[in-house]
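For reference, the structure is listed below as structure tokens.
The values are calculated or read from the model by the stated rules, or taken from the named source; none is laboratory data. Because the structure is a prediction, the values reported are computed rather than measured. Virtual Cβ from ideal backbone geometry, glycine too; neighbours counted across all protein chains shown. The accessibility values were calculated without ligands, DNA or RNA, using every heavy atom of the protein model including side chains. Shrake-Rupley method; radii C 1.70, N 1.55, O 1.52, S 1.80 Å.
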Amino acid sequence: MKVFRDIPRRDIGRHAPKPRQYRPAADRARSYDRSRRSYQRGPRRGSNAGGSGKSVYIFVALLLIIAGIVYIKLNDAKGSEQGSDSTSSESDESGNTSEVSINTSLIEGEKTYTVKIYRVYDGTLDTSKGRLLLAEGAKAFTPEQPDGGPVTNAILGAEEAEIFTNADGNVSAVTVSDLPSFPERIRVVLQNAEGGYLHASAVISCDQDFWVQAGEEIYPHRAGEAVTISPEENADLLGKGRFIFCSASENGKFTVQTLTKGDGGNPSYRGNLEVALEEGGYTLVNEVFFEQYLYAVIPSEMPTGYGVEAAKVQAVCSRSYAYNQWKGSERYAQYGAHVDDSVSCQVYNSVAENETSIAGVEATRGMLLLFEQTPVSANFFSTSCGHTASAGDVWANTATEEFPTASAAYLIGQPQYTEGDYGDLSQEDAFHEFIKNMDVNAYDKESPWFRWNVTMTQAQLQASVEAALGSLSESRPYLIKTLKGDVFESEPVTSVGVLQDIYAYSRAESGIITELLIVGSDRTVKIGGENSIRTILAPVDRNGGEIALNRKDGSAVNNYSLLPSAFFTMEKTKNTEGALVSIMFYGGGNGHGVGMSQEGVKGMIDAGISWDEILKHFYPGVEMGFLNLS
């Protein structure tokens with residue numbers, strides 16, 4: 001049994017097939033064909049085909065059987081001692097525990113399964129027993145809602161969820177008595193090369209021996225072997241729910257050979273990988289231990305060349321952000337994930353983990369940013385222009401759709417310059433002078449993105465506006481409004497006619513433009529929110545040419561996908577008839593501007609400021625600490 005000591009309990013637990021099921025039934029016998037690198041139908045039992053290589057798989061399978069039997073017996077013994085347990089124990093970093101009872105008298109239906117939850121979406125549960133339908137009014141019973149509540153992403157990843165079904169066989173209740181209050185693992189949906197979540201195929205290998213589970217069947221593999229999943233190969237097995245790739249070692253890493261990341265190489269992932277068949281392709285989800293997830297977030301978000309102190313800052317921010325996403329965000333529910341691996345959340349595994357990133361995580365293990373003892377969503381971005389923005393000047397209130405709106409006390413914009421007085425940056429003249437000043441003494445001043453400029457012709461601007469306006473007005477109608485008389489109203493819009501001018505309609509105290517006015521021959525449209533503004537003015541030549549965006553250090557970036565930030569001013573060129581010819585944008589910073597500037601962290605570290613003081617600077621009023629679960 002020693003060989004299995006490092007296998008996470010989810011991999012050999014009660015949801016693994018029973019020992020008699022490790023080898024498929026005779027009429028479904030399969031072998032692994034290395035030459036084709038895919039599962040193929042093999043000889044029936046009793047055949048001499050397969051050669052000496054077959055013994056390797058039998059040996060690994062026998063080890064899995066033994067481990068499964070032992071674990072199941074231990075688990076059953078534990079269960080018999082505890083009886084029908086409706087009480088959960090929660091423990092904090094110090095080992096303190098508290099018990100929370102689930103009100104079992106309110107549960108309706110008959111207990112049917114104990115399963116792992118892979119996805120909660122659209123009236124269904126994807127589980128280790130397959131896809132189950134939720135009955136109308138189905139409830140989830142957890143330590144946080146002991147009397148039952150809605151079935152949400154909060155139970156995603158639960159290992160020992162008890163399923164109760166009604167007379168129709170649909171799920172009437174789910175109980176998760178051991179739902180942790182601090183994440184043990186997190187589930188990450190992996191983007192494809194185009195930024196979507198559907199993959200045409202997947203080729204996966206591991207640096208350790210591993211196995212692939214498909215429904216009730218297990219397929220063992222040696223280190224280095226690659227498994228192909230595509231419409232042509234192995235698609236039939238996905239009818240069993242999903243492929244789950246598990247390493248025989250806790251330190252094993254799976255390489256997805258069909259993905260390329262930051263440096264152009266194939267990324268490798270700790271934890272388990274899941275491949276699920278969806279309409280139009282496959283989704284890939286990496287379930288990984290929470291702190292190990294951060295190992296690969298830190299170098300992807302902040303250069304580890306900035307040192308361990310900077311890595312500590314990023315670790316606490318990234319952990320706090322990820323905690324709030326894990327806590328019950330529904331953003332990626334349809335993929336069975338808490339977060340994705342892109343800038344939509346925080347970048348994960350674009351750059352591989354290293355000694356510095358691991359040191360930063362381990363030095364702050366479990367530590368969160370707390371405001372009034374509540375973990376905060378610690379927003380961060382690349383580079384400031386010398387001033388950060390308030391959250392309410394960047395994002396709308398999603399509940400009320402109000403914009404601009406109120407900001408949390410710890411996400412208020414503040415100066416990042418250490419000397420000088422630049423006046424009221426909400427005023428055009430003051431901001432114009434500030435943003436064109438290349439010598440502002442700010443923490444971010446050494447970043448190439450601290451100051452930038454780009455010129456776009458009227459035709460290029462027209463093309464950019466028309467490329468984005470329709471989708472923005474459809475997805476964010478509360479931020480895209482058309483002038484009707486003297487009132488702005490939301491309505492579907494795809495064009496303003498001939499583009500005539502662009503104005504900063506409103507600018508916040510930080511200097512960020514909150515609303516932009518697009519004036520055309522057919523209509524005038526107001527664009528709200530920094531991301532919408534940056535999208536509508538994306539410096540991309542839609543006719544195959546190049547638009548050069550010039551940075552402070554003299555370098556240029558061509559056809560940048562978004563305007564770097566909404567901290568900008570404009571200088572316009574018009575012809576003798578007053579028609580718009582071009583606009584030169586002078587701006588500063590890169591990103592949304594809320595919370596912590598990563599380049600600012602580098603400047604503060606270089607100035608000798610400690611990592612914890614840096615966090616308090618960017619998030620006023622916060623404390624660093626651990627959740628008190630006692």
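One residue stands out in the stretch 363-404 among those that are without any contact (Cβ under 8 Å) to a residue 60 or more places away in the chain and not in a loop (DSSP other than H, G, I, E, B): the one that is nearest to I512 (Cα to Cα), namely G392. Scanning the stretch 218-235 for residues that are outside any strand (DSSP E or B) and modelled with pLDDT of 95 or more, we see that the one that is surrounded by the fewest Cβ atoms within 10 Å (Cβ to Cβ) is G224.
State yes or no: is S464 touching a strand residue (DSSP E or B) at 6+ places or on another chain (Cβ under 9 Å), of a type in the set (S, T, Y), in a helix (DSSP H, G or I) and without any contact (Cβ under 8 Å) to a residue 60 or more places away in the chain? Answer is no for this residue. Among the residues of this structure, L563 counts as one that is open to solvent by less than 50 Å² (accessible area, probe 1.4 Å) and over 20 Å from E401 (Cβ atoms). For the stretch 297-348, taking the residues that are among the small types (G, A, S) and touching a strand residue (DSSP E or B) at 6+ places or on another chain (Cβ under 9 Å), the one that is modelled with the lowest pLDDT is identified as S329.
For G545, the conditions (1) part of a loop (DSSP other than H, G, I, E, B); (2) under 20 Å from S495 (Cβ atoms) are fulfilled apart from (2).
Conditions (1) more than 24 Å from G511 (Cα to Cα); (2) of a type outside the set (F, W, Y); (3) surrounded by fewer than 21 Cβ atoms within 10 Å (Cβ to Cβ), marked per residue:
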residue	(1), (2), (3)
G578	yes, yes, yes
V581	yes, yes, yes
M584	no, yes, yes
G589	no, yes, no
G603	no, yes, no
D606	yes, yes, yes
H617	no, yes, yes
P620	no, yes, yes
E623	yes, yes, yes
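Among the residues of the stretch 435-467, those identified as buried (at least 16 other Cβ atoms within 10 Å of the Cβ) and among the charged types (D, E, K, R) are D444, K445, R451, E466.
To keep it simple, each residue is scored yes or no on (1) in contact with a Leu (Cβ under 9 Å, 6 or more places away or on another chain); (2) open to solvent by 40 Å² or more (accessible area, probe 1.4 Å); (3) without any contact (Cβ under 8 Å) to a residue 40 or more places away in the chain.
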site	(1), (2), (3)
V285	yes, no, no
Y293	no, no, no
A296	no, no, no
S300	no, no, no
Y306	no, yes, no
A310	no, no, no
R331	no, yes, yes
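In this structure, does S357 turn out to be buried (at least 24 other Cβ atoms within 10 Å of the Cβ), out of contact with any Asp or Glu (no Cβ under 8 Å at 6 or more places or on another chain), at pLDDT 95 or above and closer than 25 Å to G603 by Cβ? Judged against the criteria, S357 is a match.
Within the stretch 176-194, the residues that satisfy the criterion of being under 17 Å from A154 (Cβ atoms), part of a loop (DSSP other than H, G, I, E, B) and open to solvent by less than 10 Å² (accessible area, probe 1.4 Å) are V176, P183. Of all the residues in the stretch 149-175, those that are in a strand (DSSP E or B) and among the small types (G, A, S) number 4. Scanning the stretch 372-404 for residues that are open to solvent by 30 Å² or more (accessible area, probe 1.4 Å), more than 23 Å from the chain's Cα centre (by Cα) and not charged (D, E, K, R) yields Q373, T400, F403, P404.
M367 fails exactly one of the following numbered conditions: (1) in contact with a helix residue (DSSP H, G or I) (Cβ under 9 Å, 6 or more places away or on another chain); (2) closer than 29 Å to K445 by Cα. What is the number of that condition? (2) is the only condition that M367 fails.
If you check T569 against the conditions, is it of a type outside the set (D, E) and loosely packed, with under 15 Cβ neighbours inside 10 Å? For T569, the condition - of a type outside the set (D, E) and loosely packed, with under 15 Cβ neighbours inside 10 Å - is not met.
Counting the residues of the stretch 155-175 that are surrounded by fewer than 23 Cβ atoms within 10 Å (Cβ to Cβ) and not acidic (D, E) gives 9. In this structure, does L277 turn out to be closer than 26 Å to R131 by Cα and open to solvent by less than 30 Å² (accessible area, probe 1.4 Å)? It is false that L277 is closer than 26 Å to R131 by Cα and open to solvent by less than 30 Å² (accessible area, probe 1.4 Å). Screening G470, G520, G528, G545 for residues that are at negative phi, touching a Leu at 6+ places or on another chain (Cβ under 6 Å) and surrounded by fewer than 21 Cβ atoms within 10 Å (Cβ to Cβ) leaves exactly one candidate, G520. Considering only the stretch 573-587, I want to know if a residue exists there that is small (G, A, S), touching a residue at least 60 places away in the same chain (Cβ under 8 Å) and under 20 Å from G386 (Cα atoms). Checked against the condition, which is being small (G, A, S), touching a residue at least 60 places away in the same chain (Cβ under 8 Å) and under 20 Å from G386 (Cα atoms), the stretch 573-587 yields at least one hit.
Taking the stretch 559-579, which residues are in contact with a strand residue (DSSP E or B) (Cβ under 9 Å, 6 or more places away or on another chain) and over 17 Å from L537 (Cα atoms)?
K574, N575, A579
Within the stretch 473-510, the set of residues being surrounded by fewer than 20 Cβ atoms within 10 Å (Cβ to Cβ) and assigned to a helix (DSSP H, G or I) comprises E474, S475. Scanning the stretch 265-301 for residues that are farther than 25 Å from S382 by Cα and of a type in the set (A, V, I, L, M) returns L273, V275, A276, L277, L284, V285, V288. When the stretch 467-481 is limited to residues that are hydroxyl-bearing (S, T, Y) and out of contact with any Ser or Thr (no Cβ under 7 Å at 6 or more places or on another chain), the one that is nearest to K526 (Cα to Cα) turns out to be S473.
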